[in-house]
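The values are calculated or read from the model by the stated rules, or taken from the named source; none is laboratory data. Values in this document were obtained by computation on a predicted structure and should not be read as measured data. Quick reminder, even Gly has a Cβ in these numbers, built from the backbone with ideal geometry, and neighbours come from all protein chains shown. Surface areas here come from the heavy atoms of the whole protein model, side chains and all, with no ligands, DNA or RNA. Shrake-Rupley method; radii C 1.70, N 1.55, O 1.52, S 1.80 Å.
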Amino acid sequence: AKANGKNGLYFFDKSMISADKKELQLAQELRYALDNNELCMHYQPRIDLKTGRIAATEALMRWLVPSAKGPVTKAYPDEFIALAEKIGVIGRLDTYALHYACKQAAEWASNGTPLQVSVNVSVNQLQQDDFVTIIMSAIDEFQLDPAFLELEITESAAMTDVESNIAKLAQIQAAGIEVSIDDFGTGHSSLNYLKRLPVRNLKIDRSFIM
């Protein structure tokens, strides 16, 4: 609501009310989508430029309209991931993505076409005390060779509570799981800390490539 300085009356900004209603509706639909497995993963191939073959894949979460004919997006990842953080279900979203990716990697391996799957790790997930246990439990559940899982952590997430992250990622790496830093170059990381982080790959932020 806003005050009118002349007569002290208040009026409501209808555009704000409409936006709030839309967000509330989308939040309800996101919870329903999580409960009913309506979110899915698309796999972006990583190509070996020397051989032209697919060397690995990156799991990217998508939210599509279930009843649509063809892939119609319900909401874009940046939108529903931010919403998940706001309404407190980002943990469920993280677990959903991890298990979905591990299951797919295990299926590819059992079919004779093993491919490493890279899955994104949020700041929320990385900061959990049982982060390593969660990752290893997913590996065990699907009997996945750890070499076929890679965890992608943004530069800003890696620099949050650095000493704790170094210890956690060292355990992950020791188990045979690869770790990479995403969006490299956009944060303010110390190269000294970066040297100590047990990571194999740096993914340079696309703004530099552009």
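For GLU150, neighbours were defined as the other residues whose beta-carbon sits under 9 Å from its Cβ, and their charges (Lys and Arg +1, Asp and Glu -1) total -2. The distance from the alpha carbon centre of segment 134-201 to that of segment 83-114 is 16 Å, rounded to a whole number. Local charge for SER164 was computed over the other residues whose Cβ lies under 14 Å away, with Lys and Arg +1 and Asp and Glu -1, and equals -2. Basic side chains Lys and Arg get +1 at the Cβ, acidic Asp and Glu get -1 at the Cβ, and with that the dipole of the chain about its Cα centre reaches some 740 debye. In a DSSP loop and with at most 16 other Cβ atoms within 10 Å, the trypsin sites (Lys or Arg not before Pro) in segment 22-102 are LYS50, ARG53, LYS69. Averaging 1/r across all pairs of distinct Cα atoms in segment 104-165 and inverting the result yields a Kirkwood radius of 12.7 Å. Protein-only accessible surface at a 1.4 angstrom probe places the residues TYR193, TYR32, TYR43 in the order TYR32, TYR193, TYR43, largest first.
Report for the chain the percent antiparallel among DSSP-assigned beta bridges with both residues inside it, nearest 5.
Close to 45 percent.
Using a probe of 1.4 Å, the accessible surface attributed to ILE139 totals some 10 Å² when neighbouring protein chains are kept in position.
Rounded to two decimals, what is Rg over Rh for the chain when you use alpha-carbon atoms and the Kirkwood radius?
1.06
For the chain, the longest principal axis of the C-alpha atoms and the axis of helix 77-87 are separated by about 70°.
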